[in-house]
Every structure is written in structure tokens, then in C-alpha cells.
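A quick write-up on the structure given underneath.
Quick note: the coordinates plus some simple rules give every number you see, no bench work behind them. Note that the coordinates shown come from a computational prediction; the quantities given were computed from them, not determined experimentally. Positions of Cβ are generated from backbone atoms using ideal geometry, with glycine treated the same way; all protein chains shown enter the neighbour counts.
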Amino acid sequence: MNSEHGGNSRNLRIKYDFSANLNPLGMPLSVINGLRDSIENWDKYPDPNCTELVNSISKIYSVPNKKIVCGNGADDLIFRVIRTLKPKKALVASPCFSEYEKAFSEIGCDVRHYFLKESNQFELTTDFLSEITVELDMIILCSPNNPTGRLISRDIISEICRLCGEKNIIFLCDECFLDFVIDGNNYSALNFLNENIIVLKAFTKIFSMAGLRLGYAIFGSGEIADRVRRCGQFWSVSAPAQTAGIAALKETEHIRSTREFVKKERIFLSENIAELGIKVFDSDANFLLLKHENPLYNALLKQKILVRNCANFIGLDDKFIRIAVKNHEENIAISDALRRIICG
């Protein structure tokens, strides 16, 4: 079985799920307690403007409330932005998150692919800049990229933002995994915000809140933000999700601890798996892209371990899998499982 996305372990008899890239430290206790304490308010409609949540985001990033839009996960906002702006020509760097192209296809947008090179560890280089031409309406990039885990350098992000502002191209920078990067804020497109930039963020990964569905976008243009805000359903964010988000934004220590933990465990996983002759690509995120000539997905599934089969990523095939960085016990478990598969 090959799920289109990670985290779809229903009806599978598995012991470990490495297919979803969530925080191995789990949801912060303050968020859990806040949700429990708010249950009595769930019989009321949620605030459609997410006023308190937006206020909290505004203070953290020092951006006006009118430039912030919250949604039912980052995925919801991807579709709302594209439906609102209706680009005719778009550019993505592949392999990348499949929902970008799905959203473009729903409006009949012509999508151009810039293929990241395996020989270059799937890093986005300055060669990409020559692809930014005036006939484009939108560019979407992910940093760190999913499924490769590669961070886009600060200099390249800066130049992409400048060129998009100059050529009037909308640049949506998906930063849903940036919170896992030590000093990640230095690499954010928010440092180079102009009228054409949209930065996408989510609570899903860093706070392990996948089931609550909560994301937000920060816009360089208040006018575009307002148009996106009015697109889609009126109550796009549930009351529990808003409560959880407000509590999570206070958890700066949880983010710091997560970054250090993920870096340590990512190194452990990389070294142990590389010893087996499996190609491990460089990663800055909380997951690793692996390659082996003998496809590993089904072999791991037989050992009750679910990973992300990358066969449906444009630019990859079934020789590639993506695995999350999890807690140490689980990371040992998948390392041992791969050793049994490779070594017998």
C-alpha cells in the first residue's frame, strides 16, 4: 500500500509510524491542558477572525493583524491563496509537496518544474534564479523542502524575494518545517518581505497538532491577505484549534528543545543508516530522504514499520523513502530493521 501522504496508518498493522514528520517530543503539556480546560466552550461558534490568535502571531513577528490569515492547516491556505489569485503560470522546484500542483491543477494553471539534482543533494542553487521570468504569476518553494529536507540559503531566498518584487510575481514560501532548524529565523522569507511575498507556517509539525488542523500565512500585501481571508469557508478554524494555537505560541522553550533533540537524533539516524550502504541525503529538517537500489517500503512494512514511499513525488521513484526523526528508541528500531533487511 502506498499512501499519497504520510500519517495514513489506519487499517495497517504497524508498530512504528515513520511516515508523518511530527515533533518527536509531542504536543506541549500546556496545549493539552488548555484544550481540556476549554471543552465547555466548544458548544459555541469559533471566532471567524481568530482575533486572539492573530494578535499573538502579530506580536511574535511584528506584522500588522491585517497581514495575517489563519486556516484549517497550511494545506487549506495553499488552496485558498491559489483560488484567490488564480495564477496562469507557476513554477515549483521538484520533488516537492504534491498539494501545490494539486491546487494549481484545480484552476487550470500551467505548472513548470525546476528539477532539483540528486547529484547535488537536492539543494536549490543559484541556477534557479534564471528560471524566474516575467511570464510567471506565482512561485512556490518549501524551505526546508519536503521530501528532501534541504534548507534554502538566506542569500537565495533574499534574491528570490527581490526578483519576485521586481517582476511582480507572487512568491509563496512554505516554512512549515523551518521551526525545526536551529537559527531558522535567519533563513525566513519574512526577513525580505515585500508586497509579492507570502510566508506559510503551521502548528501541525512543530507542535504535533496534525489532528487539530491549524496553519497561518503572513502576507507582504494587506490587500491580498484580505482577499484570501474572504475566500473559503467562514469558520475556517475551530475553537479547539484556536485555543491550542494561542497556548502553543508561548512555548518557545519547547521549540528550542525540539531543535536540539532533532539535530542529535538526525545525526544518529543518518550515521547508522549510511553504514548499511543506504544513501542518506543531507537534511536540515526532522526527516531524512533515503535511497536504495532495492525498494525498502514493503520490506519495512513487513516488519510493522510504515515509512513514506516517495514513488509519487515528481522526480523520485520507489527507490526513495522518507523517514521521520523520532525518539531514540524508535530510531534504534528502524535502524535495526533496516540492518536486518540489508544484512539478513
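Just a few scattered comments:
- Modelled label reach - D318, point 7 Å along Cα→Cβ, the stretch 272-293 residues with backbone N closer than 18 Å: 290-293
- Each Cα pair under 8 Å and six or more residues apart adds its sequence gap; the mean of these over the residue count of the stretch 252-343 is a relative contact order of 30 percent.
- Order by protection proxy (mean Cβ within 10 Å, highest first), peptides 174-181, 148-155, 40-47: 174-181, 148-155, 40-47
- Surrounding net charge for E293, when Lys and Arg each add one and Asp and Glu each subtract one, Cβ distance under 10 Å: +3
- Potential lengthening between D226 and S238 on full extension [0.36 nm per residue; Cα-Cα distance subtracted]: 2.3 nm
- Counted charge near G277, where neighbours are those whose Cβ lies closer than 11 Å (Asp, Glu -1; Lys, Arg +1): +1
- Sequentially through the stretch 171-184, phi angles give Karplus couplings (6.51, -1.76, 1.60; θ = phi - 60°) of 10, 9, 9, 7, 10, 5, 10, 5, 5, 7, 9, 4, 6, x Hz, Gly and Pro residues having no value and appearing as x.
- For the chain, built as a Gaussian network whose Cα springs stay under 10 Å, the top-fluctuating residue of N49, N23, N196: N49
- Counted as membrane-span-like here are DSSP H helices of the chain whose alpha-carbon atoms extend 27 Å or more along the helix's own axis and whose Kyte-Doolittle mean is -1.0 or above; these are 252-274.
- Beta-bridge orientation, the chain: approximately 45 percent antiparallel, per DSSP, counting only bridges with both partners inside.
- Within the shell defined by Cβ-Cβ distances under 9 Å, the residues around G232 carry a net charge of +3, with Lys and Arg each +1 and Asp and Glu each -1.
- Centre-to-centre, using Cα atoms only, the stretch 209-229 and the stretch 294-315 are separated by 33 Å.
- Max mean-square fluctuation residue, GNM over the chain, Cα-Cα springs under 10 Å, options F97, F115, F287: F115
- The GNM of the chain, with springs linking C-alpha atoms under 10 angstrom apart, assigns the highest mean-square fluctuation among A74, A248, A274 to A274.
- Between E253 and W42, the C-beta separation translates, for a Förster distance of 41 Å, into a calculated FRET efficiency of about 0.90.
- Between the stretch 66-125 and the stretch 166-195, the alpha-carbon center distance in angstrom: 14
- Total lysine pairs whose alpha carbons fall under 15 Å of each other in the stretch 35-248 (8 or more apart, or interchain): 6
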